[in-house]
1. Just for the Cα atoms in region 277-358, what are the lengths along the principal axes, largest first, rounded to whole Å?
2. In a Gaussian network model over the chain where Cα atoms closer than 10 Å are linked, find which of Glu94, Glu315, Glu391 has the largest mean-square fluctuation.
3. In the neighborhood of Phe98, defined by Cβ-to-Cβ distances under 12 Å, what is the net charge if each Lys or Arg adds +1 and each Asp or Glu adds -1?
4. Please rank Tyr42, Tyr162, fewest neighbouring Cβ atoms within 10 Å first, as an exposure proxy.
5. If neighbour count is taken as other Cβ atoms inside 10 Å, put Val362, Val300 in order from fewest to most.
6. Excluding Ala177 itself, calculate the net charge of residues whose Cβ lies under 11 Å from the Cβ of Ala177, where each Lys or Arg counts +1 and each Asp or Glu counts -1.
7. Could you please state, rounded to a whole Å, how far the C-alpha centre of region 12-69 is from the C-alpha centre of region 302-354?
8. Taking the Cα centre as origin and putting +1 on Lys and Arg beta-carbons and -1 on Asp and Glu beta-carbons, what dipole magnitude results for the chain, to the nearest 20 debye?
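FYI, it's all coordinate maths here, none of it is from the lab. Since we're looking at a predicted model, the values are computed, not measured. Cβ coordinates were reconstructed from backbone atoms using ideal geometry, including for glycine residues, and neighbour counts include every protein chain displayed.
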Amino acid sequence: MIEFFKEPNIHWMAKAKYFYALSAILLLAGGFSIWHKGGLYYGIDFKGGTNVDVRFAKAPDVDQLRKSLSTQGLGGAEIQAISDNAISGQSSNEVLIFVEQKNADDQDLDASKARVISALNATYGITDSGKPDFNLVPLGSLVTTLTQKDPLNLGATAGDRYAQLAKKILDYRDKNANGLVGSLSDLSQVDGVTAAVISTLKDSYSVGPFTIRNTEIVGPKVGAELRSQAMWVTLLALGGMLLYIAFRFEWVFGAAAVLAVFHDVLITLGFFSLLHYEISLTVIAALLTLVGYSMNDTIVIFDRIRENRRLLRKEEFAELVNKSINQTLSRTILTSGLTFLTVLVLFLMGGQVLRAFSFALVVGIVVGTYSSFGIAAPLIVFWHRWRDKSEAAGTGSQPARKPA
């Protein structure tokens, strides 16, 4: 195995107070942020409501959008701009408009979507022209239009020609133009599209300054159930790991490992609150991944401690723990470092959909690795010192010797 350090001799337990101080600062900062904001920022999966993904031809005026939504009775709607990647922060002219509705039925949720679209139309002065929006037209409708109007004069020999042409046109719209064609004249870049085809499309369709890329609707009852299930899944995972470590090592090892994992999850949630990332089902998956990763790293150190207790029986326990951490340090840096680089690239390049998921892993891997030697191990040392003092004072599990 690759070794980054040759026989390191770092006294980790002497620095335990600094680890605890750092953790206390992070926990307090995250806790204050959650309290100040009235709780975590939940996504549509847990809150329930209507989420409308809108892409604009030009950068939208968010303030004007907010005013238009307020006019439609949606003053509490949340508008979140989406950037292409975390490195440049360049806007993709795309926003998510979320309308939370508690105790609403499906009809109310559908009405929210209609009001969002009405607000967008009012903002951009769009009136009903009687022509469907080309950016929303499905493949079947486009094939029917081309076949009926026959701009290429194919007649009975058309066959699948118009189906193939329609697919090329929509591939250009959805992939090259990111779902929003600003002008139908731009379609001249598509192979097989002639001036006659463009003229037919202009007669049949209109193009607006925005398009609805996706709409998600989740009822409040379903959101509440998902939130409850996510909490129980996380707690059951921690409980199962506690039993496993207590069986494999000692109960105090299991308790220390679970406390360290709780520490990791709470700090990660604190960062989510501080940076206003939303908690969704994918984030819960990331947190469960973090629980497993952090626990695995802790078990590696605990396993080395158990081996060294057999080999170095006369060694002071704190020094034994220091040696165990130092012996596994190269392995920790190698595995954690490579994993961190992978999720960091995912965070920077993975796009908006994976942003919150990868952010949870980026924070979680750093905090989870640190807590293994900075929180879990010092807790074990603290417990051993307390037990030894109790036994020396005659209040421990072993009674004090009677004078001869």
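1. Extents along the principal axes: 55, 21, 15 Å.
2. Glu391
3. Details: positive: Lys47, Lys113; negative: Asp45, Asp53, Glu78, Glu100, Glu216, Glu278.
In short, -4.
4. Working: Tyr42 17, Tyr162 23.
Taking fewest neighbouring Cβ atoms as first place, the list is Tyr42, Tyr162.
5. Working: Val362 20, Val300 16.
Ascending Cβ contact count within 10 Å gives the list Val300, Val362.
6. Details: positive: Arg55, Arg173, Lys175; negative: Asp171, Asp174, Asp186.
My count for the surroundings of Ala177 gives 0.
7. The distance from the Cα centre of region 12-69 to that of region 302-354 comes to 29 Å.
8. Values: 38 positive and 36 negative charges, 311 e Å.
Value, rounded to 20: 1500 debye.
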